[in-house]
Amino acid sequence: MNSQLGRVEDLPTDYYNGLKARNTLPLWPSLRAVLPYGKPSRRTQPMLWRYADVRPDLLRAGELTPIEKAERRVIVLCNPGLGLENMQATASIYIGLQLILPGETAPNHRHTPSAVRFAIEGSGGFTVVRGEKLPMEKGDLILTPPGLWHEHGHEGTGPVIWLDALDLPLVYGIEASYAIESPSQRIDDPHNTSTTRFRQGGVLPYASLARQRNDYPLLRFPWRGVREALGELATVTPIGEPVHVAYINPETGQECLPTLGFSALMLRPGEDVTLRRRSASAVLHVVEGGGAAAIDGTELAFGESDTMAVPTHAKVRLTNASGKTPAYLFMVDDAPLHRKLGFYEVFD
Ligand code: 1HN
């Protein structure tokens, strides 16, 4: 490996200026910057956003900005390493916390970025995706795949808050991000039948066997089932090994969305786990409990509904602070994207 490549200053000024004037550049002074040896250079900082900090600002937004003036009333979690204005939690993942107040509606649209909602607080909120009405109760995961119509409403009392995760930085970065609007959808499935049809892992509606694979057969994953699955898995997982389940498309067995992956972790009382270091970036959201995270050596104390950013290639160690109760975390990562691009790696 040549560690001493030629620099811009080594070139005659008139030559370099001439290249620039013709909208060209020499590669070698910049080669190491764009293709470092061994590990990518990362601007994403290990980060924690405290729910207790964001929540009051979001409720204030509810007073300051009517839904009609916001379309989506969201406070975005911005990683300072990536520039606040770029609205990136990690290089590929957008995260926002969205507020809807009783009686409000967020209008129908569809777009090229993939999105999910993960419900944090409140009752009576719902999303309509592809004509199916999907309740949003704490811990529920709801898919809004690329190109599917979606709109939100709130039939309960008190604020409803959820976390939005999108592959927006990626889709925007490749100049492919746009939406179209349409009047409100007709609700032709008021009872969230996709969740009923696929309620038991490994047991499918018989017609699924013969059916052309549906890209998105299941749109809502209730937290209750995920929590139960973690509790069961914990009974057969050695202490110190992550109790970790993936959300999948029940017809294909593959990830739910093209670019983003979703999973949930349980930290048993007093447990300390190190996740295998991976090429993918991630966001961790605390569903229940509290503890400590060390992300590439940055120590973060987390509590319920806090959200953390994990850069690509980062080492993650998680400790449950309680010796009595489990902690549960929801994870969004860009592993499906890395796999599709052919460079997903797990290290150590
Ligand atoms: C979007 O469509 C929603 O549908 C939320 O609730 C946040 C952020 C950027 C682009 C589209 C939603 C979004 C978004």
Which of the aspartates and glutamates could be linked to Lys340 by a straight reach, that is with a Cα gap under 13 Å, when you skip same-chain ones fewer than 8 residues away?
Glu255
With label points set 7 Å from each Cα along the Cα-to-Cβ direction at Ala246 and Tyr16, the distance between them in nm comes to 4.8 nm
Rounded FRET efficiency, nearest 0.05, which uses the C-beta distance separating Glu228 from Asp296 and R0 of 35 Å
0.60
Nothing charged except the Cβ atoms of Lys and Arg (+1) and of Asp and Glu (-1): what's the magnitude of the dipole of the chain about its Cα centre? Round to the nearest 20 debye.
580 debye
Treat every Asp and Glu Cβ in segment 283-326 as -1 and every Lys and Arg Cβ as +1, leave all other atoms uncharged, and give the resulting dipole magnitude about the Cα centre to the nearest 20 debye.
160 debye
At q = 0.12, 0.15, 0.27 Å⁻¹, what is the log10 ratio I(q)/I(0) for segment 289-348, with the Debye formula run over Cα points and no solvent?
-0.37, -0.55, -1.17
Per-peptide average of other Cβ atoms within 10 Å, ordering 319-329, 192-202, 84-94 highest first
84-94, 319-329, 192-202
If packing is taken as the mean number of other Cβ atoms within 10 Å per residue, what is the order of 61-71, 122-132, highest first?
122-132, 61-71
How would you classify the chain from its alpha-carbon gyration tensor, with a ≥ b ≥ c the square roots of the eigenvalues: rounded for a/c under 1.5, else prolate if a/b is greater than b/c, otherwise oblate?
prolate
Gap separating the Cα centres of segment 31-91 and segment 324-348, nearest whole Å:
19 Å
Could I get the Rg over Rh figure for segment 117-261? Both from C-alpha atoms, Rh via Kirkwood, rounded to two places.
0.98
Please express the shape of segment 1-144 as an equivalent ellipsoid: the semi-axes are the square roots of 5 times the eigenvalues of the C-alpha gyration tensor, given largest first in whole angstrom.
46, 17, 16
Of His152, Thr112, Gly96, which is farthest on the positive side of the dipole of segment 75-153, counting Cα position, with +1 on Lys and Arg Cβ, -1 on Asp and Glu Cβ, and the Cα centre as origin?
Thr112
Between Ala210 and Glu304, what is the label-point separation in nm under the 7 Å Cα-to-beta-carbon projection?
4.8 nm
Comparing Arg110, Arg186, Arg50 in a Gaussian network model of the chain (Cα, 10 Å), the one with the largest mean-square fluctuation is Arg186
Within segment 147-219, GluC sites (Glu not before Pro) in DSSP loop having at most 12 other beta-carbon neighbours inside 10 Å:
Glu155, Glu175
Comparing Ser41, Ser114, Ser281, which has the greatest mean-square fluctuation in the GNM of the chain with Cα pairs linked when under 10 Å apart?
Ser41
Here segment 8-15 yields Karplus 3J(HN,Hα) values (6.51, -1.76, 1.60; θ = phi - 60°; whole Hz; Gly and Pro given as x) of 4, 5, 7, 9, x, 4, 5, 5
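Quick note: the coordinates plus some simple rules give every number you see, no bench work behind them. Please read these numbers as outputs of a predicted model, since none were measured by experiment. Cβ: placed from backbone, ideal geometry, glycine included. Neighbour counts: every protein chain shown.
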